[in-house]
Amino acid sequence: MIPPAALMLADGRLPWGGHAHSGGVEAAVARGWVHDLGSLAAFARGRLATAGLTEAALVAATVLRSSDSVSWEELDAEASARIASPALRLVSRKLGGQLLRVARTTWPDRRLDGLAAASPPPGPHRAVALGATAAGAGLSPSEAAACAAYDAVAGPCAAAVRLLGLDPFAVTRLVAEMGDQVAAVSGEAAQAAAGPLGDLPAPAATLVEVAAEDHARWEVRLFAS
């Protein structure tokens, strides 16, 4: 049985602000990298293998280390080291702060209170906040990693429907067809989480990060990132 908390964390309606972010798709559309279903599929696979794997491993590692003696600062520093773009680091912290606010109301837990105390505004990185939330909600590292990996695909795909007017049914099928890849990345992330923090996966998507810096300077945009 899938834990209800996992379903809630994977649901785009959870009010932590994820729906306002495109996961890089808006900038990719503007540059012509994503223009139809096929190019969206390629983008989603690439994002899952890079940012998706990186975040899923950090989330799982946070769940494993969530205890009274956890070093939130160390986990947050590892997250920062894996986000090259200053614009994306800020986005990650804003989303992490919003998620933490939701989590402390939904799943009250002393670990979430400890993370909040250790994280000045705008907040902790999203991966750390998601891991702490998953731990507070009773999820395992692998379940938490699955939430992160799924979001790495589902978020950008949902944004692409709005940006390009793609058939939502076809896009939903695309997300479903990536289920095995999401599961594989989740498993890899959970396995890596048991090792040293410094050895966690850190594959980069350099062009996407460069595009994110450009996107942050746009005067008119549909999504915050």
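The values are calculated or read from the model by the stated rules, or taken from the named source; none is laboratory data. It should be emphasised that the depicted structure is a prediction, and the values quoted were computed from it without experimental measurement. Every residue, glycine as well, gets a Cβ built from its backbone with ideal geometry; the counts of neighbours run over all protein chains shown.
The table below lists the values:
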read-out: Residue among Ala190, Ala160 that is closer than 19 Å to Arg45 by Cβ, of a type in the set (A, V, I, L, M, F, W, C) and surrounded by 15 or more Cβ atoms within 10 Å (Cβ to Cβ); value: Ala160
read-out: Residue in region 73-82 that is among the basic types (Lys, Arg) and either without any contact (Cβ under 8 Å) to a residue 60 or more places away in the chain or part of a helix (DSSP H, G or I) (or both) present; value: no
read-out: Positions within region 10-45 being touching a Cys at 6+ places or on another chain (Cβ under 7 Å) and modelled with pLDDT under 95, in sequence order; value: Ala10
read-out: Wholly enclosed helices (runs of 4 or more DSSP H) of region 141-207 bearing at least 1 residues β-branched (Val, Ile, Thr) and farther than 20 Å from Leu58 by Cα; value: 141-164, 168-177
read-out: Matching residues, region 54-76, being closer than 15 Å to Gly96 by Cβ and surrounded by fewer than 20 Cβ atoms within 10 Å (Cβ to Cβ); value: Glu73
read-out: Candidate set from region 24-50 (those that are crowded, with 24+ Cβ neighbours inside 10 Å and either among the β-branched types (Val, Ile, Thr) or closer than 30 Å to Leu112 by Cα (or both)); member that is farthest from the chain's Cα centre (by Cα); value: Val34
read-out: Pick from region 77-98, criterion crowded, with 24+ Cβ neighbours inside 10 Å and of a type in the set (Gly, Ala, Ser), ranking: farthest from the chain's Cα centre (by Cα); value: Ala79
read-out: Which listed residue, of Gly96, Gly12, Gly23, is part of a loop (DSSP other than H, G, I, E, B), farther than 17 Å from Val208 by Cα and touching a residue at least 12 places away in the same chain (Cβ under 8 Å); value: Gly12
read-out: Boolean, Ala189 is without any contact (Cβ under 8 Å) to a residue 12 or more places away in the chain and among the small types (Gly, Ala, Ser); value: no
read-out: Inter-residue pairs, beta-carbon under 6 Å, first of a type in the set (Phe, Trp, Tyr) and in region 205-225, second in a loop (DSSP other than H, G, I, E, B), 6+ apart; value: Phe223/His21; Phe223/Ser22
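Table: residues versus (1) farther than 23 Å from Pro4 by Cα; (2) crowded, with 17+ Cβ neighbours inside 10 Å; (3) of a type outside the set (D, E, K, R).
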| residue | (1), (2), (3) |
| --- | --- |
| Leu139 | no, yes, yes |
| Val171 | yes, yes, yes |
| Ala194 | yes, no, yes |
| Ala204 | yes, no, yes |
